[in-house]
Structure formats: C-alpha cells, structure tokens
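First comes the structure, then the notes that go with it.
The values are calculated or read from the model by the stated rules, or taken from the named source; none is laboratory data. Keep in mind it's a predicted model, so treat the numbers as computed, not measured. Don't worry about glycine lacking a Cβ; one is built from the backbone with ideal geometry, like all the others, and counts go over all protein chains shown.
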Amino acid sequence: MTRAIRIEKTGGPEVMSFQDIALKPPGEGEVRVRHAAIGVNFIDIYHRTGLYKVPLPSGLGMEAAGVVESAGPNVTRFRAGDRIAYASGPIGAYSEEANVVANRAVKIPEGVSDELAAAILLKGLTAHYLLRRTYRVKQGDMILYHAAAGGVGMIAVQWARSLGATVIGTVGNDNKVPLAQRLGCHHVIVSSRENIASRVREITGGKGVPVVYDSVGRDTFMASLDSLAPLGLFVSFGNASGPVPPFDASILAQKGSLFFTRPTLMNYVSTPEELDVAAGELFDLVARGVVRKNDPKRFALSQAAEAHRALESRQTTGSLVLIPG
C-alpha cells in the first residue's frame, strides 16, 4: 500500500482526496520509485478538470523525482538506489511511490537536488522542444513569450536569451515585471493593462515577430496572431486561461500566411535517446548556471488541492512541488 491523491470525478480542487492505494510490483520494463518530490503542472489541472480526458477514477501528476527501490524484469537502464526523475507519466505521480517505465525516466546528475529535478524536468523539457525543435531559436531572432514569469517561462526566457534571441515577455501584472527582467526579457509587456500586439509592433518597428510561444490560450489568442510577422509561427502549448476558441483557418491567411501548431512533449521525446539528449542539454545549462532556478514553493502531498489553487490563481512565479511524508 502507498498513499496517493486520487480523483473519482472531474471538477475543482475539492475533488482530490488523499487515500491508501494498492501498488503492484513493477512489471516488465518498470522500476518502482519512492518519491522525494513531485512536480505540479498545469497539465495536472487539465486532467483534474476534464479539459484533458482521463479514465476515472484516476491519480494525478506526471512528474516526480526520487530513488529506485526495485526493478521489474528486463530493466538495465537503472538499478536500486539510483536517483531518477520522470516527466511524462504515467499519470499518478501525486503519490509516495509509483511504478514508472524505465525508458521514460532519466538519472539525476550530481549537484541537482530531488526538488529541483522535480520542479524543472517537465518544464525544462518543454522549453527544450519549444526553443530547439518546434522553432529553432537562433542568434538575432526576436521572439514573443507569454507568461514569462511562469514555471516554463522562467527556464525558456533564460535559455532563449543564451541562444542570442531578443525576448519580449508578457506578464499578468506589474509585480512580475522585475522578475521577468531579471530572467532576461529585453522588453516586458503587462497584459492586464497594455495592448500586447500594439506593443509588439512598436518594439519591432511594425514588423512583428517570427514566433510566438503561447501557454495562456483563450485570453491571448488574437493578440498572438496579431503579433506575428508574415509566415510567422504560432506555438500554442497550453491553456492557462482556457482553450483556444474554434477558429476559421482562413484567418491564418488573412494575417500573413501564418503557421499554427499545438505540440506536446511526448512527440519530441518518444525514444529514450531523444529523452536523454533533451534532459542532458537541460541539466548541462543548469550546471553551467545558464539557467538558474529559484527554489520551488513546497506543499505537503496531502495539500495538493492548495497547490492547485495557488497555480490556478496565476499569481505564482516559478515552480511548485509536493513533498511526501
């Protein structure tokens, strides 16, 4: 038996309960991990609310770090005692222990704490595919990044700047402006009181940007389209304010033959080799101080509902983690 957060139905944070669950021995290709820290991410909220459908009843959580306790048959990637982290499920990381597919996890290097690994892996792998693969940011690019002071934003802004990009970041209120500037944003737009597209046009001399990274969704959809240069790429990778509304594809032609994509991490780390390369680049940047992370905000595992309320308020900066025990 182990303790875990479960949901019987979708809804608000109140649908989460902390209960005892049975945990089978690790199966073929799996390892059992005793969690030391668990990442809290917007995808967990999407699962809880039903925006992303999951079979019910269900656990929650996709990301955690801890120590391998045992391995199932035919596992050669890890052994008992290894410190590992994973960020692509299976759903159920909000637990004291879990069985995970060994090929979906990575070793945590020396010098990276369990809490940092749990706070940074999913967000850092997301930043990797956004900046290095969906649109390969290069020296001299000017990009628009929404939610620059958020969990992924804190990593992506620093990473993009290290690649030589000029970063225009948006934040929700004036209190987040200094943080966005410290992270490396060359220009900061406060979305609650400024017209995003107008400011982008002003900053770019009317040209617009070649790429917009948008995890906000509904509230920034039109502003993102209106900020793009002709042939620009709209990268929609989240729904913090709600899903992007249905739209007529002809609007992409009207606004400059734009491209629109809705990427997900799993398609970019579909093999252990791809996962190791992405995680290796991320951990290397952390080790070299190119990407610096503030200490994550900590909640007890039993306080998962409070962590969700904090994240949904969009008043947080950086990462949140749950601590078992």
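Worth pointing out:
- In this structure, Asn267 does not satisfy being within 22 Å of Arg161 (Cα to Cα) and not acidic (Asp, Glu).
- Taking the stretch 230-256 as the range and being in contact with a Lys or Arg (Cβ under 7 Å, 6 or more places away or on another chain), farther than 20 Å from Met154 by Cβ and surrounded by 18 or more Cβ atoms within 10 Å (Cβ to Cβ) as the test, only Val244 passes.
- Any chance Phe221 is of a type in the set (Phe, Trp, Tyr) and more than 20 Å from Gly151 (Cβ to Cβ): yes
- Matching residues in the stretch 123-142 - criterion: being touching an Asp or Glu at 6+ places or on another chain (Cβ under 9 Å), modelled with pLDDT of 95 or more and farther than 11 Å from Ala278 by Cβ: Tyr135
- Taking strands (runs of 3 or more DSSP E) as the structural unit, no element lying wholly within the stretch 30-118 holds at least 3 residues that are of a type outside the set (A, V, I, L, M, F, W, C) and under 15 Å from Pro296 (Cβ atoms).
- His146 falls short on exactly one of the conditions (1) under 27 Å from Val68 (Cβ atoms); (2) in contact with an Asp or Glu (Cβ under 6 Å, 6 or more places away or on another chain), and that condition is (1).
- Residue pairs whose Cβ atoms lie under 9 Å apart, sitting 6 or more positions apart in sequence or on different chains, and linking a residue in the stretch 158-174 that is on the phi > 0 side of the Ramachandran plot and modelled with pLDDT of 95 or more to a partner that is assigned to a loop (DSSP other than H, G, I, E, B) and among the polar types (S, T, N, Q), are Gly164/Gln139.
- Gly217 at pLDDT 95 or above, out of contact with any Lys or Arg (no Cβ under 8 Å at 6 or more places or on another chain) and small (Gly, Ala, Ser): no
- Here Val211 meets each of (1) crowded, with 20+ Cβ neighbours inside 10 Å; (2) out of contact with any Phe, Trp or Tyr (no Cβ under 6 Å at 6 or more places or on another chain) with one exception, condition (2).
- Elements of the type helices (runs of 4 or more DSSP H) sitting completely within the stretch 221-325 and holding at least 3 residues that are among the small types (Gly, Ala, Ser) and in the same structural domain as Gly50 (by TED's automatic domain parsing): these cover 272-287, 304-312.
- Extreme residue, nearest to the chain's Cα centre (by Cα), among residues of the stretch 198-220 that are farther than 23 Å from Lys123 by Cβ and in a loop (DSSP other than H, G, I, E, B): Gly208
- In the stretch 81-90 there is no residue matching the filter, namely being surrounded by 17 or more Cβ atoms within 10 Å (Cβ to Cβ), in contact with a Gly (Cβ under 6 Å, 6 or more places away or on another chain) and under 25 Å from Thr271 (Cβ atoms).
- Qualifying residue in the stretch 159-166 (condition: under 22 Å from Leu285 (Cβ atoms), in a helix (DSSP H, G or I), more than 14 Å from the chain's Cα centre (by Cα) and not hydrophobic (A, V, I, L, M, F, W, C)): yes
- Residue that is surrounded by the fewest Cβ atoms within 10 Å (Cβ to Cβ), among those in the stretch 1-29 that are of a type in the set (Gly, Ala, Ser) and assigned to a strand (DSSP E or B): Ser17
- Residues being closer than 28 Å to Ala304 by Cα and in contact with a helix residue (DSSP H, G or I) (Cβ under 7 Å, 6 or more places away or on another chain) are entirely absent from the stretch 131-143.
- Selected residue (only one of Val152, Val157, Val171 is within 22 Å of Arg199 (Cβ to Cβ) and in contact with a Gly (Cβ under 6 Å, 6 or more places away or on another chain)): Val157
- Filter result for Gly208 (on the phi > 0 side of the Ramachandran plot, outside the structural domain of Phe42 (by TED's automatic domain parsing) and touching a Leu at 6+ places or on another chain (Cβ under 9 Å)): yes
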